[in-house]
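Reading through the structure tokens given below for one structure.
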Amino acid sequence: MMTEIIVRGYHLDGYQHVNNARYLEFLEEARWACLTDDIDYFMQQKIAWVVANININYRLPALLGQHLVIKTTVNKIGNKSSILSQVIRCKETNHIIIDAEVTFVLLDMKTNKSLPIVDDLLEKLLNSQAKLAQIK
């Protein structure tokens with residue numbers, strides 16, 4: 001899935017580039033965009049996607065007015081966690097700004113425990129993976 005964000009003045013820090021903490025918000029926005037088709041299912045089932053770990057490599061600064069394109073793909077689906085790959089590129093130059101790996105679990109909001117990724121949950125993730133793979 002591709003998500004586009006335009007760098008605004010409020011994204012910048014004192015050095016006039018996007019502050020490192022803002023990238024977490026950009027990545028989260030892109031993950032929410034991936035959930036759009038299935039959000040009702042997860043809400044009805046009282047299941048939350050919870051980030052367990054995130055690793056970000058900062059490659060280049062993003063500057064005011066640049067269009068950033070975030071590509072999100074499912075790298076791995078495990079028994080109780082899954083790993084997403086997210087890459088932010090500058091649309092104008094195609095340069096990689098950051099790349100990240102995000103490990104998440106599916107949390108049962110009633111018990112506050114992680115859920116095994118089986119049956120309907122596995123099907124939803126596999127469908128998401130297939131949809132994301134089609135988007136180049």
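The values are calculated or read from the model by the stated rules, or taken from the named source; none is laboratory data. Worth saying up front: this structure is predicted, and the values here are computed from it rather than measured. Note: ideal-geometry Cβ built from the backbone for every residue, glycine included; neighbour counts use all protein chains shown.
Residue by residue, here is whether (1) farther than 30 Å from Val118 by Cα; (2) surrounded by fewer than 17 Cβ atoms within 10 Å (Cβ to Cβ); (3) under 14 Å from the mean Cα position of the chain (by Cα); (4) at pLDDT 95 or above holds:
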residue	(1), (2), (3), (4)
Glu4	yes, yes, yes, yes
Asn19	yes, yes, no, yes
Phe26	no, no, yes, yes
Asn55	no, yes, yes, yes
Ala62	yes, no, no, yes
Thr72	no, no, yes, no
Asn94	yes, yes, no, yes
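Checked against (1) within 12 Å of the chain's Cα centre (by Cα); (2) closer than 16 Å to Leu107 by Cα, Gln44 passes all but a single condition, namely (1). Checked against (1) within 21 Å of Pro116 (Cα to Cα); (2) more than 15 Å from the chain's Cα centre (by Cα); (3) not hydrophobic (A, V, I, L, M, F, W, C), Gln66 passes all but condition (1). For the range 8-34, which positions are in contact (Cβ under 8 Å) with a residue 24 or more places away in the chain, hydrophobic (A, V, I, L, M, F, W, C) and farther than 16 Å from Val69 by Cβ? Passing the criteria: Leu12, Leu24.
Taking the range 1-31 as the range and being over 25 Å from Asn127 (Cα atoms) and assigned to a loop (DSSP other than H, G, I, E, B) as the test, the residues that pass are Val7, Arg8, Asp13, Gly14, Tyr15, Gln16, Asn19. You will find that of Asp99, Asp119, Asp38, the residue that is modelled with pLDDT under 95, among the charged types (D, E, K, R) and surrounded by 13 or more Cβ atoms within 10 Å (Cβ to Cβ) is Asp38 and no other.
Would you call Lys80 in contact with a strand residue (DSSP E or B) (Cβ under 6 Å, 6 or more places away or on another chain), charged (D, E, K, R) and either buried (at least 16 other Cβ atoms within 10 Å of the Cβ) or at pLDDT below 95 (or both)? Before you say what the answer is, go through the steps one by one.
Details: in contact with a strand residue (DSSP E or B) (Cβ under 6 Å, 6 or more places away or on another chain): yes; charged (D, E, K, R): yes; either buried (at least 16 other Cβ atoms within 10 Å of the Cβ) or at pLDDT below 95 (or both): yes.
Taking the combined requirement at face value, the residue satisfies it.
Looking only at the range 101-116, which residues are touching a strand residue (DSSP E or B) at 6+ places or on another chain (Cβ under 8 Å) and under 18 Å from Gln44 (Cβ atoms)? Residues satisfying the conditions are Leu106, Leu107, Asp108, Met109, Leu115. Specify the residue that is farthest from Ala21 (Cα to Cα); the eligible residues are those in the range 52-82 that are basic (Lys, Arg) and touching a residue at least 40 places away in the same chain (Cβ under 8 Å). Ranking the qualifying residues of the range 52-82, first place goes to Lys71.
I need the full set of residues from the range 41-51 which are farther than 27 Å from Val7 by Cβ, of a type in the set (A, V, I, L, M, F, W, C) and either touching a residue at least 24 places away in the same chain (Cβ under 8 Å) or surrounded by 14 or more Cβ atoms within 10 Å (Cβ to Cβ) (or both), in order please. Lay out the reasoning, then the answer.
Restricting attention to the range 41-51, the residues satisfying the condition of being farther than 27 Å from Val7 by Cβ are 41-48, 50.
In the following step, the residues that additionally are of a type in the set (A, V, I, L, M, F, W, C) were identified as 42-43, 47-48, 50.
Listed by number, the residues that qualify are Phe42, Ile47, Ala48, Val50.
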